[in-house]
1. Rounded to the nearest 20 Debye, what is the dipole magnitude of the stretch 241-281 about its Cα centre when Lys and Arg each give +1 and Asp and Glu each give -1 at the C-beta?
2. Collect residues whose amide H, placed 1.01 Å from N in the peptide plane, falls under 5 Å from the amide H of Val439; neighbours closer than 5 in sequence don't count.
3. Considering only the other residues whose Cβ falls under 11 Å of the Cβ of Arg308, what net charge follows from Lys and Arg at +1 and Asp and Glu at -1?
4. For the stretch 157-172, what does the Karplus curve 6.51 cos²θ - 1.76 cosθ + 1.60, with θ = phi - 60°, yield as ³J(HN,Hα) per residue in whole Hz, taken in order and with x for Gly and Pro?
5. Say R0 is 25 Å: what FRET efficiency, to the nearest 0.05, do Arg456 and Ser248 get from their beta-carbon distance?
6. State to the nearest 20 debye the size of the charge dipole of the stretch 265-324 about its Cα centre, where the only charges are +1 on K and R beta carbons and -1 on D and E beta carbons.
7. In terms of the Cα gyration tensor, with a ≥ b ≥ c the square roots of its eigenvalues, is the stretch 355-499 rounded because a/c is under 1.5, prolate because a/b exceeds b/c, or oblate?
8. I'd like the chymotrypsin sites (Phe, Trp or Tyr not before Pro) in the stretch 388-482 restricted to DSSP loop residues with at most 11 other Cβ atoms within 10 Å, sorted by number.
Amino acid sequence: MASRSMVTKALVVTWPSHKVEVTRLSAPLEEPGVCRWRSMAVMLGIAIVSPPSKCLFVHPPVSYYSDRTPPATPFLLRPSNPSFSSSSFPISVARRFDASPKTVSGSRSSQPRPHPDANRELYHLSDKKMYKRHKQNIDLPAILPKNKKKPYPIPIQKMQRAARRDKRLAEMGIEKPLEPPKNGLLVPELIPVAYEVLDHWKVLIKGLSQLMNVVTVYGCSKCPEVHVGPVGHQIQDCRGTGSEQRRSYHSWVKGSINDVLIPIESYHLFDPFGRRIKHETRFDYDRIPAVVELCIQAGVDFPEYPSRRRTSPIRMLGKKVIDRGGYVEEPKPHLSENCMSLLAELDTYGAQFEQPPLSASDTRRLAERTLKAYSSVRRGVRQLMKKYSVKACGYCSEVHVGPWGHNAKLCGAFKHQWRDGKHGWQDAILDEVIPQNYVWHLRDPHGPPLQTALRRYYGKAPAVVEVCVQAGAEIPESYKPMMRLDIIIPDTEEARLVA
């Protein structure tokens, strides 16, 4: 804090559990520079020796405030050492460091002993890290406005740099370096992941179809709102047709599995690097769940939906494909009863709801298995999307699995007239391939319905998680903060008294 020419003498005083080093400055109190040092010392929480009152103003260590409210003013201590006088110490600045309480003033030869409060600051920092990993309450993802384009998952500056680099290589006549699967070849280590994702996808659809017989799901006939519970909630947040006449109450009807697991479909391509889908040829391609199409392109073989497996990589010069191995005609699909039954297991539209009744223990095990399958599907799809290209429209919910999006003019979102109905393709994120349809969390399914006045005390969870939890599954740790389980829901009369 002070220059070397100002420091003339030093001594040591003792705080209850810390040792304080006091350095004397050979400068009068009235100088502006010394006043500045004194104010800085007060802000930093260090000791000040003031000659007019012959008292030692000491700010306690930081660990002193870890479990109590800090005082508004520094502590005032009367020094017992007669050496503290106005003549010998015009002004002094003290610097704190941890030491044993038994350290003699002015002596530094003894070894300090560890104190219980010495590492409290480190514990406090570790608590902050634990809080970041396991937060108490978190907010849901913000609802994106429909009159704006979605944000890019990859920064636009990074994409522009990559485009300029590819353009420079193309101008020099150098081919673009490609690695699997960007060059059309499979990634061998991701083939087992694709099969595992598909197996868990079947378990998820089958488990939800059986749990729908135990847990009731409602959907609003006028808006996309979904509620899981024996009766629909009474929260007035409907913005659908005729909501003014209903005072924003929802018009509940019996829901289906598509309300819980929102179906996101994509065009199936025999050759993702082949001809692009045009608006006139869009009916020549089948639409299947995007998760299934991603698994097929990652190495899963289906007789019903064949896919081209290249043995030699494609070659690109900038954005132009100079060698794709020629065009290959798509073979006719092989139809059989096994294929049809397998396709019914992979699509939510073919889920069977007529299931025999299950006991309470069987229902609980089924809910836990379904919830585990849901987490495994999301984890596997996230791993596949790191390598395989998946595109999503920046304005609507359309998803396309492949290196380039299709040219079908089916986008009716914001300013689609300016784009002639074409989609604004960009890189997709996980929640666009497997949307998490958030619903209100119901702590007591047999309790009173949720009210509008208490909506800020309620938490939310994905519909799949809420169905499994109400069926008896244990709440996962990652979803507890958004459910707000630690908040006590007051009565309607008590909520009016809350500030």
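A short reminder: the numbers here are calculations on the coordinates, not readings from a lab. Here the structure is a predicted model, which is why all the values come from computation and not from measurement. So basically every Cβ, Gly included, is an ideal-geometry build from the backbone, and we count neighbours across all protein chains shown.
1. Details: 6 positive and 5 negative charges, 23 e Å.
Around 100 debye, computed over the stretch 241-281.
2. Under 5 Å from the amide H of Val439: Ala461, Ala463.
3. On the way: positive: Arg309, Arg310, Arg324; negative: Asp271, Glu329, Glu330.
My count for the surroundings of Arg308 gives 0.
4. Each residue of the stretch 157-172 in turn: 5, 5, 5, 5, 5, 5, 5, 5, 5, 5, 5, 5, 5, 5, 5, 7 Hz.
5. On the way: r = 17 Å, r/R0 = 0.66.
Between Arg456 and Ser248 the formula returns 0.90.
6. Values: 12 positive and 9 negative charges, 105 e Å.
Result for the stretch 265-324 is approximately 500 debye, rounded to the nearest 20.
7. Numbers: a/c = 2.70, a/b = 1.55, b/c = 1.74.
It is oblate, given that a/c is not under 1.5 and a/b is not larger than b/c.
8. Numbers: sites: Tyr388, Tyr395, Trp404, Phe414, Trp418, Trp425, Tyr438, Trp440, Tyr457, Tyr458, Tyr479; in loops: Tyr388, Tyr395, Trp404, Phe414, Trp418, Tyr458.
Passing both the DSSP loop test and the Cβ count: Trp418.
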